[in-house]
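Following: one structure in structure tokens, then a few remarks.
The values are calculated or read from the model by the stated rules, or taken from the named source; none is laboratory data. This one's a predicted model, so the numbers in the text were calculated from it and none came from an experiment. No Cβ is skipped: glycine too gets one built from the backbone with ideal geometry, and neighbour counts run over all protein chains shown.
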Amino acid sequence: MREVSRRLGCSPRTTSRLADLGKLPPSMRVGNLRKWNSYEIDQYIDNRCKWPVEASTGRRS
């Protein structure tokens, strides 16, 4: 999971949540570990929409 998290640019916990919500390609369970097909992760990364980022003014309102 750490490698997939690193490639996605998020924490392992976020990767787990995305997988639980069905937002990632299907994974296989090996004991307590989740394993993904690297080709499917590559395809997901290449095709996913960019998450919107809010602009910050740096000031409190």
Members of the range 1-20 found to be over 12 Å from Leu33 (Cα atoms) and outside any helix (DSSP H, G or I), listed by number:
Gly9, Cys10, Ser11
How about the range 21-61: which of its residues are loosely packed, with under 10 Cβ neighbours inside 10 Å, of a type in the set (A, V, I, L, M) and either at pLDDT below 60 or part of a loop (DSSP other than H, G, I, E, B) (or both)?
Leu21, Val53, Ala55
